[in-house]
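A.B. asks: Got a structure for you, questions after.
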């Protein structure tokens, strides 16, 4: 089976571009933070995805980057990281906070002091600011008592926003596997199953077809649970007549797509069919408004106006798109307050969620912005689906 990976030379280009931006902003370095859930920034520069512990990548203004890991992960990191200059830092340990008295550890103070050929760090940017544990931040602050420490997430988001050819290939492969998993679920889901049993069908399909993990917790949300914009499947038994919200995504090479489709266990009544059908119409309409050069806020305003004008404003929570890449939800969002223009090779999830007190639905797929419109990454399930 093919192994899907971003080429090593692309990681080197990313590191070089980050240093260019670091120097442009007159920073002495960038400290990127990540953990098992919010892994994207660390993996973007190193291909290392931490587990149990957190991790960082320190990119100085001059010199080679360093991967910063917790005390237990050295052999795992050396097997997976593109960056082989690896330091073990106590504060990236797991949350149980062991002391590790028998393990030799490195210190932030020494890393920062030796940076930039010994010139040290007086201005440090942090990317992954909202995910960084206070204990890690406090240790960084203690190591740099007189330095200026700045939130610098926009530096990495600027880089991750426009996808390379290799990144687009990872996403396309992820959508191919996700589509196969959706098809497997549609073939086997039945009333009497629990939501989690249906999740198991999707997960088996992911790994059989080459995924490295779920792109996000798989949604099989039935009945009243389908009204949750964010939710977790459980032991609820799927019943005849339930509207079921499927959101199924397979992670490939660190990239995390998702396919969303509402299905009914039996025939939809007229009210349910009306809401589901309008959701699909709004979903398709959103994609018609998207192309390079269009302000993102215009797409969002068009979407909200369209939904409200058609009389479904009370069913609306948010919309219509969010960034897609290493995380299934990442910057930038398309909102009515957005001011940036769409650019070629930006990638988005077109995420059309509507709900009522009884049920909810989500039509969702990925797309790449082009000069003439979009390239949809999945279009196999744009129809009303009734099971049984």
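Bear in mind these aren't lab numbers, they're just calculated from the coordinates by the rules spelled out. The model shown is predicted, which means the values in this text are computed figures rather than measured ones.
A.B. asks: Taking only DSSP H segments of four or more residues, each worth -39500 (n - 2.57), what value at 222 nm results for the chain once the sum is divided by all its residues, to the nearest 500 deg cm²/dmol?
C.D. replies: Details: 10 runs with 132 residues, N = 388.
Helix-only estimate at 222 nm: -11000 deg cm²/dmol.
A.B. asks: What shape does the stretch 165-386 take by its C-alpha gyration tensor, where a ≥ b ≥ c are the square roots of the eigenvalues and a/c under 1.5 counts as rounded, a/b above b/c as prolate, and the rest as oblate?
C.D. replies: The shape class here is oblate.
A.B. asks: With both partners inside the stretch 8-160, how many of the DSSP beta bridges are antiparallel, as a percent to the nearest 5?
C.D. replies: Antiparallel: roughly 45 percent of the beta bridges in the stretch 8-160.
A.B. asks: Quick check: the angle from helix 296-309's long axis to the longest principal axis of the chain, C-alpha only, nearest 10 degrees?
C.D. replies: On a 0 to 90 degree scale, this one is about 30.
A.B. asks: Between 97, 195, 53, which gets the highest mean-square fluctuation from a Gaussian network model of the chain, Cα cutoff 10 Å?
C.D. replies: For the chain, modelled as a Gaussian network with Cα springs under 10 Å, the answer is 97.
A.B. asks: Who wins for biggest fluctuation among 141, 123, 310 in a Gaussian network model of the chain, springs between alpha carbons below 10 Å?
C.D. replies: Comparing 141, 123, 310 in the GNM, the peak value goes to 310.
A.B. asks: Moving on to the next point. Taking Cα atoms, how many degrees apart are the long axis of helix 108-118 and the longest axis of the chain, rounded to 10 and kept between 0 and 90?
C.D. replies: Tilt relative to the chain: about 70 degrees.
A.B. asks: What is the helix-to-structure angle for 165-188, meaning the angle in degrees between its Cα long axis and the longest Cα principal axis of the chain, kept from 0 to 90 and rounded to the nearest 10?
C.D. replies: Value to nearest ten degrees: 40.
A.B. asks: Across the stretch 243-349, what fraction of all alpha-carbon pairs, as a whole percent, falls in each successive 10 Å bin from zero upward?
C.D. replies: It works out to 13, 40, 35, 12, 1, in whole percents.
A.B. asks: How compact and how long is the stretch 157-275, expressed as Rg and Dmax of its alpha-carbon atoms in Å?
C.D. replies: 15.3, 47
A.B. asks: Which residue, 355, 137, 91, tops the fluctuation ranking in a GNM of the chain built on C-alpha contacts under 10 Å?
C.D. replies: 137
A.B. asks: Given [x] 88, 57, 55; [y] 71, 46, 38; [z] 83, 47, 39 as candidate values of Cα extents along the principal axes in Å, which corresponds to the one derived from the coordinates?
C.D. replies: Step by step, Cα extents along the principal axes in Å for this structure corresponds to label [y].
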